[in-house]
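The block underneath contains the structure these notes are about, expressed in structure tokens.
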Amino acid sequence: MRNTVETCFKWCGARRIATLALALVVGCARTPARVATGAAPAQFPPRCETLGRRGDVQFPRSPGGALEVDAAWLAAHRCDARVVDVREADELSGPLGRVDVATWTPLADVEREAESWDRAEPVVIVCRSGRRSERAAERLRGLGFRRVASLTGGMLAWVAAGLPVSHAQLAPPTTPRRDARDEGRADALAGLRATLARPDALVWTRAASLLGANTVSCIDGRADGPVLGTPGGDAGELVLSLAALEEMLHHPVEAAWIAAIFDRYVEAFGRFYVHTDHHALARLGEALGRDARFRETASRWASPDDVAAFVRAPPPALEDALLERLTEPAHVGCGHLRLMMQSPARYGMRDGLVADVLRAAFRRGWRRPELLEYARLDGEHEERGVLEVWLDHEVHAHTLVPMVTPHVGAREFFVLHPQVIDFVRAENAWFLVEQLAPQAAAGVDPQALHAHIAALGARQLAATVAQLAPHLPHFRLTVTASGHTLERGDP
């Protein structure tokens with residue numbers, strides 16, 4: 001997780017130095033073990049003598065048209081704009097440091113603090129990886145600011161470029177914030193309530209759409225759109241159901257049987273969701289570049305985008321070799337699946353089950369690409385809570401269920417739909433029993449299997465939350481026919 005710029009050079013190649021900035025943004029750079037050192041660019045002003053004369057600077061635009069600046073641009077022009085760091089207080093004291101001229105306004109307070117800013121002056125927003133800064137920039141534009149840019153790659157890119165950082169304590173925002181954890185959770189609850197009050201906060205779908213058309217996504221807070229969330233998404237649920245089935249059968253099922261029933265599974269349930277992230281893709285690209293079987297192909301790759309394209313459609317002659325690499329834990333971008341692979345006993349399952357499911361999924365996806373949703377999640381884990389979504393009644397096939405985007409209010413959340421997932425698990429239980437040979441099926445009651453899946457699922461969820469979100473606050477959203485209520489849940 002802590003690759004340095006040298007790793008990026010290995011990944012990008014000496015002949016591709018021109019692509020270094022792109023590589024840093026999409027995944028080569030990670031939180032460094034120490035603050036990067038080295039000579040700062042000659043254009044980095046030691047002091048900002050022109051800080052009071054903002055206005056002449058022009059921001060570059062990204063290919064998509066948004067105003068963005070990279071680390072080199074900000075180093076040369078940091079005195080010409082208001083630079084605002086929107087990270088949390090504990091992040092400012094970490095190894096990344098901050099841009100010396102930056103002021104501090106946490107993302108939750110940006111709109112309130114911006115009321116006192118000059119809407120005509122240029123503003124550059126900075127965060128850890130560039131995700132929160134993009135959202136802050138959008139909010140400021142909504143307040144009438146027209147010259148707002150985000151620092152691409154955030155402080156990760158700034159440090160990776162060897163630019164100077166400051167660790168001096170920053171003054172708090174103009175409006176004091178209470179720093180206690182409970183107050184932070186109260187702020188999150190208030191932000192959630194404000195966001196969920198919008199008419200477009202919930203996106204509705206029928207539970208039956210999960211059987212044949214829709215997908216269950218991972219609870220990962222980096223997802224861009226509305227989700228129905230469970231740990232690991234479709235892949236996590238199939239692994240869970242198979243693990244419960246194996247316990248009831250008292251023996252493992254064959255990998256060939258999993259591959260055979262997987263074809264019928266996607267025919268019955270539709271698209272199958274497996275996600276990765278840019279970190280896992282970068283590691284995979286490095287590994288394939290060192291593997292003689294892929295070296296010639298990998299020499300043409302310039303970024304993890306190329307690796308993702310290769311994974312989606314590899315040459316048939318390289319499929320088996322690629323599956324070896326794809327099922328190594330370091331190259332699995334879903335934290336839940338990776339943890340299960342690393343500690344199968346803790347998750348109540350046998351070693352190798354996750355790999356069996358992933359092999360079946362990729363093989364099926366290579367033959368029928370429309371049936372495999374191989375999603376890539378970008379950015380860093382910046383979740384600030386766990387949001388459980390409940391209905392005030394049971395979920396059936398025609399029940400309307402609410403999808404929620406993980407970007408709620410000023411924060412990102414792990415989004416979990418316990419009732420919807422229980423509905424899916426009941427269907428999985430019936431499906432798996434139907435695939436068994438008659439003699440084996442006679443000894444497995446579908447309802448008992450469903451109960452076993454639910455119990456093992458609770459164990460696996462607790463194991464993942466303990467690893468990925470041990471201290472995060474929990475919130476419960478209950479949706480009724482007349483509206484919804486939001487309250488603090490159990491941690």
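The values are calculated or read from the model by the stated rules, or taken from the named source; none is laboratory data. None of these values were measured; they are calculated from a predicted model. Cβ sites come from the backbone with ideal geometry, for glycine too, and all protein chains shown count toward neighbours.
Structure notes:
- Candidates in the stretch 425-454 are the residues that are charged (D, E, K, R) and under 16 Å from ASP234 (Cα atoms); of these, the one that is surrounded by the fewest Cβ atoms within 10 Å (Cβ to Cβ) is GLU427.
- Looking only at residues in the stretch 367-404 that are in contact with a strand residue (DSSP E or B) (Cβ under 6 Å, 6 or more places away or on another chain) and acidic (Asp, Glu), the one that is farthest from LEU284 (Cα to Cα) is ASP392.
- Per-region count, the stretch 239-276, residues of a type in the set (D, E, K, R) and crowded, with 23+ Cβ neighbours inside 10 Å: 0
- Residues located in the stretch 381-424, provided they are surrounded by 20 or more Cβ atoms within 10 Å (Cβ to Cβ) and either basic (Lys, Arg) or part of a loop (DSSP other than H, G, I, E, B) (or both): ARG384, VAL395, PRO406, GLY409, ALA410, ARG411, HIS417
- Residue-level check: of (1) surrounded by fewer than 19 Cβ atoms within 10 Å (Cβ to Cβ); (2) closer than 22 Å to LEU245 by Cβ, LEU358 misses just (1).
- Complete set of residues in the stretch 427-455 that are assigned to a helix (DSSP H, G or I) and of a type in the set (Asp, Glu): GLU427, GLU434
- Meeting the requirement of 3 or more residues that are at pLDDT below 70, the helices (runs of 4 or more DSSP H) wholly within the stretch 12-118 are 20-26.
- Within the stretch 455-471, the set of residues being surrounded by fewer than 18 Cβ atoms within 10 Å (Cβ to Cβ) and of a type in the set (A, V, I, L, M, F, W, C) comprises ALA455, ALA458, ALA462, ALA466.
- Hits in the stretch 211-238 (condition: more than 20 Å from the chain's Cα centre (by Cα) and surrounded by 23 or more Cβ atoms within 10 Å (Cβ to Cβ)): LEU238
- Within the stretch 96-130, tally of residues that are crowded, with 16+ Cβ neighbours inside 10 Å and either out of contact with any strand residue (DSSP E or B) (no Cβ under 8 Å at 6 or more places or on another chain) or outside the structural domain of ARG146 (by TED's automatic domain parsing) (or both): 7
- Under the condition of being at pLDDT below 95 and in a helix (DSSP H, G or I), the residues counted in the stretch 266-284 number 10.
- Members of the stretch 191-210 that are in a helix (DSSP H, G or I), under 20 Å from GLU412 (Cα atoms) and either of a type in the set (Ser, Thr, Tyr) or without any contact (Cβ under 8 Å) to a residue 40 or more places away in the chain (or both): THR195
- Exclusive hit being farther than 26 Å from GLY232 by Cβ and touching an Asp or Glu at 6+ places or on another chain (Cβ under 8 Å), set ARG300, ARG295, ARG325: ARG300
- Boolean, PRO314 is surrounded by 22 or more Cβ atoms within 10 Å (Cβ to Cβ), within 28 Å of the chain's Cα centre (by Cα) and not in a helix (DSSP H, G or I): no
- Selection from the stretch 285-311 of residues that are among the acidic types (Asp, Glu), in a helix (DSSP H, G or I) and without any contact (Cβ under 8 Å) to a residue 40 or more places away in the chain: GLU296, ASP306
- Residue check, SER93 touching a residue at least 24 places away in the same chain (Cβ under 8 Å) and surrounded by fewer than 16 Cβ atoms within 10 Å (Cβ to Cβ): yes
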